[in-house]
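Visitor: Have a look at this one.
The values are calculated or read from the model by the stated rules, or taken from the named source; none is laboratory data. What you are looking at is a predicted structure, and each value in this text was computed from that prediction instead of being measured. With ideal geometry, Cβ positions are generated from the backbone for all residues, glycine too; neighbour counts draw on all protein chains shown.
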Amino acid sequence: MYLKDLRLFHFKNFDEKNFTFSEKINCFTGNNGVGKTNAMDAVYYLSLTKSYLNHSDINNIRFGEEFFSLQGTFTDEARQDNILLIVQSGQKKILKRNNKPYDRLSDHIGKYPCVMISPYDQNLIAEGSEFRRKFIDGMISQINSNYLHHLIRYQKALAQRNILLKMFLTQHSFDPVSLEMYDRELIRNGKKIFDFRREFIKNYLPKFHKHYALISQGAERVDIQYVSDLNEADFLQILKNSLEKDRLAAYTTKGIHKDDLIFTLSDYPIKKFGSQGQQKSFLIALKLAQMQIIKEHSQKNPILLMDDIFDKLDELRVAQLVKLVHQEDFGQIFLSDTHGERTRNIVKQISNDYSIFDLP
């Protein structure tokens, strides 16, 4: 499966732009600010119904316009699918596959798997647990639609429970029967999410270790630890024990929405003790392991987007990385770089099938 073509209309800095892609390697080149990252993000959008960079769909509309649209053709040996995504200010997001609207956007997730490597990935190491939860949720959602449905139901119940707790605090009241209804929904879906995450990490770790060793060419020990309240006790008991704290805080203080991934290097937090090079290798290994596990579960070759990859690695390591993913046949590759000649020299040594788009 690969993206054959793409049309951008009023998307970010683009007024209107059409691309026809190579099945193998595609490169966006040009100076900073010309839209290389935006073009990459458009591919991600069509695959996963959302931006990699901006959580607000409205903020991706070109300044002065009312809407944006993205249209592209995903193709393989068996079929071609035309995907159309439209975001209009004040309207519900529209996603169509072969002119047929989706009933639920979540039904699209996993059909055209995609992985992005970006300078913004540093947030996975530097920032709080929310970034790492979104990372693991995104990985599992692309290979298991049941997980995504449980996650959506859990988040809805969590939001309603928090509203109820806030109302209790402001009105100096308490209704345990109403709270119990949301507790049951949290427990039902939370246990499923916990089991999915725990099993996923167990299968994911060997692939991550392998790719880190290939990239770093070193002997450092790296690891990922899945931390969850549910590792310590039953979810029902957790909610009972934290009830008084929840009432005082006016939100749910315990649960799988507080889960985290601890990244370590030789048993120490990589955030504090890893060099810049070690952290970059760690992040890229995370994404390559993600690609491998998606491919194994879905029997589809994910699209790999490598935005501003020279920000992470020197020229030799970039060449090694592109060669690695090309040889392992992960699927279609997209690169962005400010130096067109540098990119051309690398990709032409790896494949004769490539396209370079020099953005003005």
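Visitor: Only one of (1) outside the structural domain of residue 31 (by TED's automatic domain parsing); (2) small (Gly, Ala, Ser); (3) over 16 Å from residue 124 (Cβ atoms) fails for residue 289. Which number is that?
Guide: The one condition residue 289 does not meet is (3).
Visitor: Report the residue count in the stretch 191-241 for those that are assigned to a helix (DSSP H, G or I) and aliphatic (A, V, I, L, M).
Guide: From the stretch 191-241, those assigned to a helix (DSSP H, G or I) are 191-216, 229-231, 235-241; that's our starting set.
Applying the additional criterion that residues be aliphatic (A, V, I, L, M) yields 193, 201, 205, 213-215, 230, 236, 238-239.
Residues that pass the stated criteria total 10.
Visitor: May I pose another question? If you take the residues in the stretch 276-314 that are among the basic types (Lys, Arg) and outside any helix (DSSP H, G or I), which one is surrounded by the most Cβ atoms within 10 Å (Cβ to Cβ)? Break it down stepwise before answering.
Guide: Initially, the stretch 276-314 is screened for residues among the basic types (Lys, Arg), giving 280, 287, 295, 300, 312.
If we keep only those that are outside any helix (DSSP H, G or I) as well, we get 300, 312.
Details: 300: 17, 312: 23.
The extreme case among them is 312.
Visitor: In the stretch 248-267, which residues are closer than 21 Å to residue 191 by Cα and of a type in the set (A, V, I, L, M)? It would help to see each step written out before you state the result.
Guide: First, the residues of the stretch 248-267 that are closer than 21 Å to residue 191 by Cα: 251-262.
Those that are closer than 21 Å to residue 191 by Cα and of a type in the set (A, V, I, L, M): 256, 261, 262.
Visitor: What are the residue pairs meeting all of these: first residue in the stretch 21-42, first residue more than 16 Å from residue 344 (Cα to Cα), second residue at pLDDT 90 or above and among the aliphatic types (A, V, I, L, M), Cβ atoms under 6 Å, and 6 or more apart or on different chains?
Guide: These pairs meet every condition: 34/359; 35/359; 40/305; 42/8; 42/70.
Visitor: Residue 136 is checked against (1) surrounded by fewer than 18 Cβ atoms within 10 Å (Cβ to Cβ); (2) modelled with pLDDT of 95 or more; (3) under 30 Å from residue 308 (Cα atoms) and fails just one. What number does that condition carry?
Guide: All conditions pass for residue 136, except number (1).
Visitor: Here's something else I'd like to know. What number of residues within the stretch 103-120 are surrounded by 14 or more Cβ atoms within 10 Å (Cβ to Cβ) and either assigned to a loop (DSSP other than H, G, I, E, B) or among the small types (Gly, Ala, Ser) (or both)? Don't jump to the end; show me each part of the working.
Guide: Restricting attention to the stretch 103-120, the residues satisfying the condition of being surrounded by 14 or more Cβ atoms within 10 Å (Cβ to Cβ) are 105-120.
Restricting the remaining residues to those that are either assigned to a loop (DSSP other than H, G, I, E, B) or among the small types (Gly, Ala, Ser) (or both) gives 106, 109-113, 118.
Of the residues in that region, 7 qualify.
Visitor: Same structure, new question: Restricted to the stretch 250-275, and to residues that are touching a residue at least 60 places away in the same chain (Cβ under 8 Å) and among the hydrophobic types (A, V, I, L, M, F, W, C), which residue is surrounded by the most Cβ atoms within 10 Å (Cβ to Cβ)?
Guide: For the stretch 250-275, the residue satisfying everything is 256.
Visitor: Moving on to the next point. Which ones in the stretch 209-239 are modelled with pLDDT under 95, among the polar types (S, T, N, Q) and touching a strand residue (DSSP E or B) at 6+ places or on another chain (Cβ under 9 Å)?
Guide: Residue satisfying the conditions is 216 alone.
Visitor: Please state which one of 171, 155, 142 is surrounded by 20 or more Cβ atoms within 10 Å (Cβ to Cβ) and at negative phi.
Guide: On the way: 171 fails: surrounded by 20 or more Cβ atoms within 10 Å (Cβ to Cβ); 155 fails: surrounded by 20 or more Cβ atoms within 10 Å (Cβ to Cβ).
Going through 171, 155, 142 in turn, the sole match is 142.
Visitor: So residue 99 clears everything in (1) in contact (Cβ under 8 Å) with a residue 60 or more places away in the chain; (2) under 19 Å from residue 4 (Cβ atoms) except one condition, right? Which one?
Guide: Only one criterion in (1) in contact (Cβ under 8 Å) with a residue 60 or more places away in the chain; (2) under 19 Å from residue 4 (Cβ atoms) is unmet by residue 99, namely (1).
Visitor: One residue is enough: does the stretch 149-156 have a residue meeting the conditions modelled with pLDDT of 95 or more and more than 23 Å from residue 199 (Cα to Cα)?
Guide: yes
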